[in-house]
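Data first, discussion second: the structure below is written as C-alpha cells.
The values are calculated or read from the model by the stated rules, or taken from the named source; none is laboratory data. All values derive from a computational prediction rather than experimental measurement. All Cβ positions, even for glycine, are placed from backbone atoms using ideal geometry, and neighbour counts span all protein chains on display. Ligands, DNA and RNA are stripped out before the accessible areas are found, and what is left, the full protein with its side chains, is counted by its heavy atoms. Shrake-Rupley method; radii C 1.70, N 1.55, O 1.52, S 1.80 Å.
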Amino acid sequence: MLLGIPQSAATLLTILLFYAMDFLLIRRYDRQRTARGSGRAWDFTLFILVLVAILILQPVLLPAISFRTPETWGLLTQILGAIVILDSLALHLWSRRHLVHFYAERIEVQPAHKVIDTGPYKLMRHPVITSFFGIAAGLFLINPSLTTLAAFGYTLWDFTYAARQEEDLLSKSLPGYADYARRTPRFLPRLWKSR
C-alpha cells in the first residue's frame with residue numbers, strides 16, 4: 001500500500017484533473033448560456049477547495065487516521081480506487097458534454113431549458129452526481145482514512161439532497177421531466193429492463 005506523499009499526490013492529481021476539465025467545460029459552455037451569470041457557484045468551489053486541502057495534507061500530516069496494511073490487497077484496493085476515479089472523470093466529461101450550457105453548480109431552470117435524455121442521461125437522471133460519488137469513493141479507496149470517509153459521507157448526503165431539490169424544481173417547471181423521472185433511475189443505470 002502506498003502511504004503518505006503518494007496518497008497526497010493521487011488526491012492532488014485527481015483534483016487538478018477534475019478542475020482543469022471543469023474550467024474548460026464552463027469556459028466553453030458558459031458563452032452559450034441564456035441564463036444570467038456563470039454555471040460556477042464560487043461559494044461552493046471555495047468550500048470544496050478547503051476540503052481538498054485537508055484531504056491532500058492529511059496523509060502527510062496526520063497519517064495515524066488512515067488505515068494501513070502491508071498486504072498486497074491494500075495496493076490492489078488503491079489501484080481499484082484510481083480506476084474508479086478515472087471512470088468517474090470519464091462519466092463526468094460525457095455527462096457535461098450532453099448537458100452543454102444547461103450545467104450549473106446550483107439548482108436552476110434556464111430559459112429554453114429542456115429535458116436531456118441522451119448519452120448518460122438515457123441511463124440515469126444524475127450522472128454528474130454519480131461521477132462525484134465515484135470520485136469520492138475512489139479517493140477513499142486510495143486513502144482509507146477518517147477524512148476521506150467523512151468527505152465521501154458528505155458527498156452522498158449533500159448531492160442526494162441536491163438531486164431531490166433539482167427533481168422537485170424540474171418536475172414543476174419543465175414539461176416532460178416528471179415522465180422522464182418515472183422511467184429513468186436516479187443515480188445508477190438499471191441492469192435489467194423494468195416492466
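Observations, loosely collected:
- Cα-based Kirkwood hydrodynamic radius, the chain, one decimal, Å: 17.9
- Per residue, the chain exposes 57 Å² of solvent-accessible protein surface, assessed with a 1.4 angstrom probe and all protein chains in place.
- Relative to the Cα centre, the charge distribution of the chain, modelled as +1 at Lys and Arg Cβ and -1 at Asp and Glu Cβ, gives a dipole magnitude of about 760 debye.
- Per residue, the convex hull around the alpha carbon atoms of the stretch 8-96 comes to 97 Å³.
- Three semi-axes of the equivalent ellipsoid, the stretch 133-187, Cα gyration tensor, whole Å, largest first: 31, 11, 6
- In this structure, the amide hydrogen of Ser145, modeled 1.01 Å from its nitrogen in the peptide plane, lies closer than 5 angstrom to those of Phe67, counting only residues at least 5 positions away or on a different chain.
- A Förster distance of 45 Å, applied to the separation of the beta-carbon atoms of Leu169 and Leu13, puts the FRET efficiency at 0.80.
- Remark: spin-label model distance Trp94-Phe67 equals 2.8 nm, labels positioned 7 Å along the Cα→Cβ axis.
- Positive-end residue of His113, Ile129, Phe159, charge dipole of the stretch 102-169 with Cβ unit charges: Ile129
- For the pair Val50 and Arg182, the difference between a 0.36 nm per residue extended length and the Cα-Cα distance amounts to 43.8 nm.
- Whole-Hz ³J(HN,Hα) from phi, Karplus 6.51 cos²θ - 1.76 cosθ + 1.60, for the stretch 154-163, glycine and proline x: 4, 4, 4, 5, 5, 7, 5, 4, 4, 4
- Distant alpha-carbon pairs in the stretch 82-138 (separation over 19 angstrom), percent: 29
- Apportionment of accessible area to carbon and sulfur, the stretch 14-142, percent (1.4 Å): 71
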